[in-house]
Amino acid sequence: MVDGAVVDAARVGLWVMPDNQSHGMLEDFLAAMADTAHPELMVESESAISNIESKGLQQYTPRHRPKAKIHTYLAWQKDPGSTLPQAIQKHYLDVSSENARPFVSWISRLFWEKQAN
């Protein structure tokens with residue numbers, strides 16, 4: 001294709017993690033879904049990582065604290081070691097939560113709603 005390609009109808013979406021409003025990363029967003037799925041376990045996850053931090057034992061940077069928290073939570077599930085997509089499939093994360101609703105709606109609009117011609 002010497003002249004290149006022209007795409008007349010490209011559909012592109014943009015979502016900035018965690019919630020299109022706050023500073024953070026994917027794990028901050030997922031922690032909010034875990035909080036509604038099993039809030040008591042998220043409290044214990046927070047307690048565990050706070051405990052190791054108070055002793056100076058953590059190896060992660062402060063920036064990666066949300067990763068430590070969500071993966072601690074996932075390590076205590078029925079099937080420890082699940083990946084983040086598996087955690088959604090296994091309902092360890094509540095995609096129907098109020099926190100997830102705007103993201104799920106956006107995904108639906110982006111990929112499944114018919115485009116207007």
- Message: Out of the residues in segment 32-89 meeting the condition of being within 14 Å of the chain's Cα centre (by Cα) and part of a loop (DSSP other than H, G, I, E, B), tell me which one is surrounded by the fewest Cβ atoms within 10 Å (Cβ to Cβ).
- Response: THR83
- Task: Output the qualifying pairs, or none if there are none: Cβ atoms under 9 angstrom, residues six or more apart or on different chains, first residue in segment 97-117 and under 24 Å from ALA34 (Cα atoms), second residue modelled with pLDDT of 85 or more and of a type outside the set (A, V, I, L, M, F, W, C).
- Result: SER97/ASP35; SER97/THR36; GLU98/THR36; ASN99/ASP35; ASN99/THR36; ALA100/THR36; ALA100/ASP94; VAL104/SER96
- Task: Could you please find all residues in segment 45-76 being of a type in the set (A, V, I, L, M) and touching a residue at least 12 places away in the same chain (Cβ under 8 Å)?
- Result: ALA48, ILE49, ALA68, ILE70, LEU74
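The values are calculated or read from the model by the stated rules, or taken from the named source; none is laboratory data. Here the structure is a predicted model, which means the values were calculated and not measured. We place every Cβ from the backbone using ideal geometry, glycine too, and count neighbours over all the protein chains shown.
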